[in-house]
Amino acid sequence: MTTNALTSKSSTSGRAGDKIFSGAALGAGVLILITLFAVAVFLLIQALPTFMADPADISGGEGFFAYIWPIVIGTVIAAAIALLIATPIGLGVALFISHFAPRRIAGPLGYVIDLLAAIPSVIYGAWGYMVLAPALVPGYDWLAANMGFIPIFEGPASQTGKTMLTAGIVLAVMVLPIITSLSREIFLQTPKLHEEAALALGATRWEMITTAVLPFARPGIISAVMLGLGRALGETMAVALVLSTGGLIPSLIQSGNQTIAAEIALNFPEAFGLRLAELIAAGLVLFLITLVVNMIARAIIARHKEFSGAN
Amino acid sequence: MKLNRLGSAAAVLSIAALALTACGSDNPTGAASSAPAGGASADAAVSGTLTGIGASSQKSAMEAWITGFKGQNAQANVQYSPDGSGAGRKAFLAGGAQFAGSDAYLKPEEKEESKKVCGPDGAFNVPAYVSPIAVAFNLEGVEELNLDATTIAKIFKKEITKWNDEAIAKQNPDAKLPDTAITVVHRNDESGTTENFVEYLKATAGDVWTYDVSGDWPKDIQSENAKGTSGVVSTAGSTPGAITYADFSAVGDLSTVNVKVGDEYTKISAEAAAKALETATPVEGAAKNDLALDLKRDTTEAGTYPIVLLSYHIYCNTYKDQATVDLVKAFGKYVVSAEGQKTASDSAGNAPLSTSIEEKAAAAIDSITVAK
């Protein structure tokens, strides 16, 4: 940082302001680290009995690993479906708002998308299992009949529609505003000169976007997707309401599978003793997954930074 | 630079957001506050605050009881935190609550433990809440079905998969049964409803239902499920051919199964459920004021509906001062009084206790004394 050089030149009154500001900024930063640390310590201490318990006493009777891995996979599947659906749509909407739509439409459309983020997850969950799930049943029946040879569409399809695929679709809707809003802001920051240069060289609008906008925005897009992934991994209520839980199965259109967050939410109210420790240990695993995912994201952003137009 | 900052903000935010989502349930563990000293007699209005923790099944009944009790004793207050039966018993045994609500009675070893907080006589169980569990289904044109325990067990075990199966048709010669697939819907959260329902299946159709009895649905049966009573009822309601089990007060438009008891089929009703308590036997070796009951799920007495959820209140035999004793007695007796039971069933839709059990329960609660 070059603040030292700057502050030494500034007047005494400016110096006090600098000090207060840097103190406040430092305090905020430290507070976040302390919070994070406190959460990690809480999870570790509360989860400890799980790791010391006799494997036979853990739910399922085969130890913590056997208990946790199916729901880890379930969590990842749900988040993956959500991102597969939400990323292309989110980027498309963001591009439309930033570069294609007339200003008259772009503003309200962006506002509506942002509004999606303000809907509580329990509402998404209720909508998911009351409206969306029954509506998807005919589609699932069709998939089972025609695409059933692919393991993920193996029949017989659920007659309630409360499946992993439905949960993934609901999650996609929840993740969409995060990806859209962040990407839109980043697309809008593309240097006008880059865009105009591309157009001047004879690029079509689409070529301008692929050559000037997307490379510039790549780290931001990755950030947006990771933030969306964070929401999808940790989403609790919507999944708990929408999914017919069960053991790990490959088919996405039968009832089954479970996510960590939903497992905790569903069992927490009546849990005590070892079961409670187990659920908190599951929370710890989720915490670790998220940390790892975010670290990978940081690594990707760091690697691409030098190629982007950002500097 | 700007992007960089955005990126790190995004990373930190997402971690924080995830860390926060893990803790969803609020947990008001009110400290056990004792009533202020005062020599009010048991019949006069009492004051103070009583803290209870326990079964969520009693939640709506408890709200009615608390409102009714406060109506009689303006100075008194009762806090009930529906954290679950296990959590309630644990908090009670640790001295964190003056009474517990529980779908299961205190086991002998828990009674032994209760002597630490309750004095040498320990704690005792009083039946407080009875609710019939309906086996409910969604089948167009079929208003009710007669089924025996074995058939119900086979349906929920997914051995019978069509509504026009021979086993169902045989017991319902008049019903027009369609060739629809049966969709079983169970609770995906741990629940006393599940526990009582599978206990019935285990007791009456043990050769079919070979699973352990617990508040969690057996992991080996993969079927549709939903969260909470409202979840299973709503899911079954929107799925033709669905069958589920739920608190009778909540089944709404779903049709219900008449369960075979002895040689007859019993239609679900509050009276038939209360009768199940009459046929229950006291738990062996219990103290004389302990009203823990072993329900006879396999009773053959006509007119009894055996799939009921019985929930207890657990009190200490002694409390440390007269004011607390008065408060506990007043509240406990109100709950098991005819008036208290009626208030609860009006709002929660459960079955009132029978008169003889009400009397026994009142007598048991009357035996609470001040610790010496």
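The values are calculated or read from the model by the stated rules, or taken from the named source; none is laboratory data. In this text, all values refer to a predicted model and were calculated from it rather than measured experimentally. Neighbour counts run over all protein chains shown; Cβ positions are idealised from the backbone, glycine included. Areas reflect the complete protein model, heavy atoms only, side chains present, ligands, DNA and RNA absent. Shrake-Rupley method; radii C 1.70, N 1.55, O 1.52, S 1.80 Å.
If packing is taken as the average number of other Cβ atoms within 10 Å across a peptide's residues, how do A:98-110, A:223-235 rank, most packed first?
Values: A:98-110: 13.8, A:223-235: 26.0.
Ranked from most to least packed, the peptides come out as A:223-235, A:98-110.
Counting helices only, and only those DSSP H runs with n ≥ 4, report the 222 nm mean residue ellipticity of chain A as the sum of -39,500 (n - 2.57) divided by its residues, in deg cm²/dmol to the nearest 500. It would help to have the intermediate numbers written out before the result.
On the way: 13 runs with 221 residues, N = 311.
Per the formula, -24000 deg cm²/dmol.
If you find the alpha carbon centre of region B:157-227 and of region A:257-292, how far apart are they in angstrom? Using only Cα atoms to place each centre, the spacing works out to 28 Å.
The shape of region A:22-307 comes out oblate: with a ≥ b ≥ c from the C-alpha gyration tensor, a/c is at least 1.5 while a/b does not beat b/c. Anything losing 40 Å² or more of accessible area from the isolated chain to the full protein assembly: pick those residues out of region B:171-213, probe 1.4 Å, ligands and DNA/RNA ignored. Buried-area filter returns B:N188, B:E190. Take the alpha carbon gyration tensor of region A:1-156, find the square roots of its eigenvalues, order them as a ≥ b ≥ c, and report rounded if a/c is under 1.5; if not, report prolate when a/b exceeds b/c, else oblate. In terms of gyration-tensor shape, oblate.
Please average, across the residues of A:229-235, the number of beta carbons from any other chain that are within 10 Å of each residue's own beta carbon, and give a whole number.
Details: counts 2, 9, 4, 0, 3, 8, 2.
Shielding by partners across A:229-235 averages 4.
Across peptide A:268-277, the average count of Cβ atoms from other chains found within 10 Å of a residue's Cβ is 6. By a 1.4 Å probe calculation restricted to protein chains, B:E359 has an accessible surface near 120 Å², given to the nearest 10. Across chain A, the mean sequence separation of Cα contacts (distance under 8 Å, 6 or more residues apart), normalised by length, yields a relative contact order of 26 percent. The contact residues of region A:283-301, meaning those that lose at least 30 Å² of 1.4 Å-probe accessible area when all protein chains sit together rather than their chain alone, are A:T290, A:N294, A:R298. Legend: mean number of C-beta atoms from other chains within 10 angstrom of residue C-beta atoms, peptide A:217-226, equals 3. Near B:G48, the amide H atoms lying under 5 Å from its own belong to B:A76, B:N77; only residues 5 or more places off or on other chains count, and H is placed 1.01 Å from N. Given a 1.4 Å probe and the protein chains all in place, what does the accessible area of A:R298 round to, in Å² to the nearest 10? Its accessible surface works out to 80 Å², give or take rounding.
Rolling a 1.4 Å probe over the protein heavy atoms of the protein assembly as shown, with every protein chain left in place, gives an accessible area that is 62 percent carbon and sulfur. Karplus-derived 3J(HN,Hα) values for region A:22-34, using 6.51 cos²θ - 1.76 cosθ + 1.60 with θ = phi - 60°, are 5, x, 5, 5, 4, x, 4, x, 5, 4, 4, 5, 4 Hz; glycine and proline are entered as x.
Is the shape of the protein assembly as shown rounded, prolate or oblate, going by the alpha carbon gyration tensor and its root eigenvalues a ≥ b ≥ c, with a/c under 1.5 for rounded and a/b larger than b/c for prolate? Oblate, since a/c reaches 1.5 and b/c is not below a/b.
Under a 1.4 Å probe, what is the accessible area of chain A per residue, stated in Å²? If you can, show how the numbers build up before the last one.
Details: 15130 Å² over 311 residues.
I get 49 Å² per residue for this part.
Listed by chain and number, the aspartates and glutamates placed with their C-alpha closer than 17 angstrom to that of B:K296 are B:D103, B:D148, B:E195, B:E199, B:D263, B:E264, B:E271, B:E278, B:E284; residues fewer than eight positions away on the same chain are left out. Over the residues of chain B, the helix contribution to mean residue ellipticity at 222 nm works out to -11500 deg cm²/dmol, using -39500 (n - 2.57) for each DSSP H run of at least 4. The residues neighbouring B:T279, those whose beta-carbon lies less than 14 Å from its own, together hold a net charge of -2 under the Lys/Arg +1, Asp/Glu -1 convention. Near B:A292, the amide H atoms lying under 5 Å from its own belong to B:N125, B:V283; only residues 5 or more places off or on other chains count, and H is placed 1.01 Å from N. Between A and B, buried accessible area from a 1.4 angstrom probe totals roughly 3600 Å², ignoring ligands, DNA and RNA.
The H on the amide N of B:L309, modeled in the peptide plane, is under 5 Å from the matching H of B:S131, B:I133, each at least 5 residues off or on a different chain.
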